[in-house]
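Okay, structure first, notes after.
The values are calculated or read from the model by the stated rules, or taken from the named source; none is laboratory data. Since we're looking at a predicted model, the values are computed, not measured. Neighbour counts run over all protein chains shown; Cβ positions are idealised from the backbone, glycine included. Side chains are part of the model used for accessible areas, which takes the heavy atoms of the whole protein and leaves out ligands, DNA and RNA. Shrake-Rupley method; radii C 1.70, N 1.55, O 1.52, S 1.80 Å.
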Amino acid sequence: ASAFMRAYRYRVLVLGCKVNQYEAQEIREHLGELGFRQATGGEAELWIIHGCAVTEFALRKTRKLVRAAVRSPGSRWVILTGCAAAVPDGDPMRLSAGLVPAGPDLLARLDRVLAGRGAISRGVEGHGHGISRFQGRTRAVVKVQDGCDRRCSYCIVPLLRGAPHCRSARAVYDEVRRLAAVGYREIVISGVNVGSYAADGRDLAGLLEMLLEVSAIARIRLSSLHPRQLSTRLLNLWGTSDRLAPHLHLPLQSGSDRILRLMRRDYSLAEYLAAVARAREYIRDPAVTTDVMVGFPGETASDFEETVKAVREIGFARVHVFPFSPRPGTEAAAIAGVRATPRD
């Protein structure tokens, strides 16, 4: 029996990181399995906003998308999913949407909200089998891990996505084979804390060894890593395989040891410099990119100058600089005087 009475149109709008991009694709494919058809124009009966909450700016953009969806001609159901769905918000338009926060069993929980609002009569079996394509992209993102327990003092993500959990190596391998079969030649391995991957007796290096067996994949890229996750085994594999992209994204955040301690980044500048030096020993001419946060509570002109000096010394291929954004419920927000706390 059909999941609902007729083929409604849907639109999925997504903000944020590669993990969000992957989950949005999962949602698209799942809606297709339910019998929805993707809208080709602006109008749709079902709107899914897969929102981001990592900064206040991202939340404002999410609210704007929700308001536009609610007001769209023909709109019957608006569902807010992802990290932004777990953050308390008094915006009346947002409150009119169904909420499906990020985390395990996302698709099953989405089905329950859709059924509760009359958009479907039932869900489908086999939630969480992954994706078979990556809409609009020649490079496919593959999520291998979710959640984080590092608890950097400024980051709300552990509060919204919970403890780390990893997909099985076999599930990731099968997904990569599916993507290769439909023509993808490059994949990006992503996760909230991808360097912590551990499943089926394999760490991240072990998973990469398995994925390199898929000969049709010409290039594998890694998303962001922590300086302490550059194991000798991982670096050796990286340096000996011409199919692992020589690109290392290693967030610095600050060049001041004092600020790094306040951020609870769990490394010193000297340790970070040593990690970059080790990577350059194993990987031939790697493109090292980074993130730097400015305006952290208590940061002085001297701290900022230390960061500028470190950036110049390291010689990054690219630096993403962004301002501190107080996220309610984090330690840094308390330092900044923001007292509200997010919902668990």
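Judged by the gyration tensor of its Cα atoms, with axes a ≥ b ≥ c, the stretch 6-145 is rounded; a/c sits under the 1.5 cut. Charged side chains reduced to their Cβ positions (Lys and Arg at +1, Asp and Glu at -1) give the stretch 97-143 a dipole of some 220 debye around its Cα centre.
Using a/c under 1.5 as the rounded threshold, could you call the stretch 1-81 rounded, prolate or oblate? The axes a ≥ b ≥ c are square roots of the C-alpha gyration tensor eigenvalues, and prolate needs a/b larger than b/c, oblate otherwise. The shape class here is oblate. In the stretch 99-247, taking the dipole from charged Cβ atoms about the Cα centre, the farthest positive-side position among 119, 216, 142 is held by 119. Whole-Hz Karplus values for the stretch 193-199 come out as 9, 4, x, 8, 3, 7, 7 Hz, taken residue by residue from phi with 6.51 cos²θ - 1.76 cosθ + 1.60 and θ = phi - 60°; glycine and proline positions read x.
Using the Cβ of residue 278 as centre and a radius below 14 Å, the other residues enclosed give a net charge of +2, where K and R count +1 and D and E count -1.
If you average the sequence gap of Cα pairs under 8 Å that are 6 or more apart and divide by the length of the chain, what percent do you get for the contact order? It rounds to 13 percent for the chain. Projecting the Cα positions of 236, 301, 226 onto the charge dipole of the stretch 195-323 (unit charges on Cβ atoms of Lys, Arg, Asp and Glu, taken about the Cα centre) puts 236 furthest along the positive direction. Across 112, 67, 185, 28, the residue with the most accessible area heads the list, and the full order at a 1.4 Å probe is 112, 185, 67, 28. About the centre of its Cα atoms, the chain shows a dipole size close to 920 debye [charges on the beta carbon of Lys, Arg (+1) and Asp, Glu (-1) only; nearest 20 debye]. Applying 0.36 nm per residue to the separation of residue 266 and residue 163 and subtracting their alpha-carbon distance, the gain on full extension is 35.3 nm. In this simple spin-label approximation, residue 281 and residue 40 carry label points 7 Å from Cα along the Cα→Cβ vector, and these lie 5.8 nm apart. Against the main long axis of the alpha-carbon atoms of the chain, helix 18-34 sits at an angle near 20°.
Listed peptides 261-271, 325-335 appear in the order 325-335, 261-271 once ranked by packing, highest mean of other Cβ atoms within 10 Å at the front. Per residue, the chain reaches -10500 deg cm²/dmol at 222 nm when only DSSP H runs of four or more residues are counted, each adding -39500 (n - 2.57).
Each Lys and Arg contributes +1 and each Asp and Glu -1, all at the Cβ; summed about the Cα centre of the stretch 23-107, the dipole is approximately 440 debye. Expressed as a whole percent, the accessible surface of the chain that belongs to carbon and sulfur atoms is 51, based on a 1.4 Å probe. Between 55, 103, 72, the Cα set farthest toward the positive side of the dipole of the stretch 46-125 (charges on each charged residue's Cβ, about the Cα centre) is that of 72. Taking R0 as 41 Å, what's the FRET efficiency between residue 121 and residue 335 from their Cβ-Cβ distance, rounded to 0.05? That pair, residue 121 with residue 335, gives E of 0.25.
Axis angle, to the nearest 10 degrees, between helix 269-282 and the longest C-alpha principal axis of the chain: 80 degrees.
Axis of helix 106-116 versus longest Cα principal axis of the chain: the two differ by about 30°, to the nearest ten degrees. Remark: the Cα gyration tensor places the chain in the oblate category, a/c being 1.5 or greater and a/b not exceeding b/c.
Taking a sphere under 15 Å around the Cβ of residue 263 and counting the other residues whose Cβ falls inside, with K and R at +1 and D and E at -1, yields a net charge of 0. Per residue, the accessible area of the stretch 98-164 comes to 44 Å², computed with a 1.4 Å probe over protein heavy atoms only. Take 311-321, 113-123 and order them by the average number of nearby Cβ atoms within 10 Å per residue, most first; the result is 113-123, 311-321.
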